[in-house]
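The next block holds one structure in the form of structure tokens; read it before the comments.
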Amino acid sequence: MNRKTEVGLLILLLFVALRASAQEGQALNVGLRAGFSSSIYSVEKLSIENHPIIDFTTKSEVSVHYATFLRVNMHRHYLQTEVAYSISRYSVLFPTSSWSDFTKPSDVSTISTKLTGIEVPIYYGYHIRQENVYGMSFFMGPKLSIVLPELSSHVFENFTQASIAETISRYNYSAVVGMGVNIGMLSFDVAFEAGLNNISRYFTTTDSKGNISTNDFIFDRRKNGISFSVGLMF
């Protein structure tokens, strides 16, 4: 590390400490945060053409979120709300032979989902520890997720239907619990989310003859997950 880098880090640390001192006792904080998450869907029912699918594998990809938040402080207690833009990705894989007789045993069908939306939680938090520029707290509360259909997508691989479309619930609800650590104006959070409703409404399929059905697919699932984020609080 060269001298310029050392001086730059020292200035940054001093700025964080001074900013934190100015924050102490503030009734209101605003901030920005960003992070990544892993979506873990609870599959309640999966069937294709009235064939129940039991032998399936779930695959979660790294998802991202960006948020701005507002915190109201009441001594050791606080209330926090935020508006977040999130993108989550998730896939489920299963043998094609589990629902179709005209396939090789090695063939695999895949349903991949990308959900883009706006998330609005309301958290109650409690500071377990507060000392100078350091603090630790836990938080919990409900979260509303609003899906943006035009920015979301569903990909179906290795299916015999000519076309498949899924309609997702526009409004989804979950419960969140997490822990947060702040060092000056820097904040770090880890949170666990449990989905409270089935995110899938129905599927529409069209076969090679043009016949349309809404009964061929059932994929009931709840959106759970774990997320990590880092932010700045002013």
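The values are calculated or read from the model by the stated rules, or taken from the named source; none is laboratory data. In this text the structure is predicted, and so the values were computed from the model without any measurement. FYI the Cβ positions are ideal-geometry reconstructions off the backbone, even for glycines, and counts take in every protein chain you see. Quick note on the areas: whole protein, heavy atoms, side chains included, nothing else; ligands and nucleic acids left out. Shrake-Rupley method; radii C 1.70, N 1.55, O 1.52, S 1.80 Å.
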With a Förster radius of 45 Å, plug the Cβ-Cβ distance of SER42 and PHE234 into 1/(1 + (r/R0)^6) and report the FRET value to the nearest 0.05. 0.75
Which one of SER227, THR103, ASN182 is farthest out on the positive end of the charge dipole of the chain, using unit charges on Cβ (Lys, Arg +1; Asp, Glu -1) and the Cα centre as origin? ASN182
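How many percent of the accessible area of the chain is carbon or sulfur, using a 1.4 Å probe?
Details: 8140 of 13110 Å².
Taking all protein chains in place, the chain shows 62 percent carbon and sulfur surface.
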Going by alpha carbons, how many degrees (0 to 90, nearest 10) lie between the helix axis of 3-23 and the longest principal axis of the chain? 90
Connecting C-alpha atoms closer than 10 Å in a GNM of the chain, tell me which of LYS59, LYS104, LYS209 has the biggest fluctuation. LYS209
How big is the dipole moment of the chain about its Cα centre under a simple scheme where the beta carbon of each Lys and Arg is +1, that of each Asp and Glu is -1, and everything else is neutral? Debye, nearest 20, please. 740
So what is the calculated 222 nm ellipticity per residue for the chain, using -39500 (n - 2.57) for each DSSP H run with n of 4 or more, over all residues, to the nearest 500 deg cm²/dmol? -3000 deg cm²/dmol
Gap in Å between the Cα centre of segment 168-234 and the Cα centre of segment 90-127? 11
Excluding residues fewer than 8 places away in the same chain, name every one of the aspartates and glutamates whose C-alpha is closer than 19 Å to that of LYS223. GLU44, GLU61, GLU119, GLU166, GLU193
Counting other Cβ atoms within 10 Å, which GluC sites (Glu not before Pro) in segment 146-191 have at most 11 and lie in a DSSP loop? none
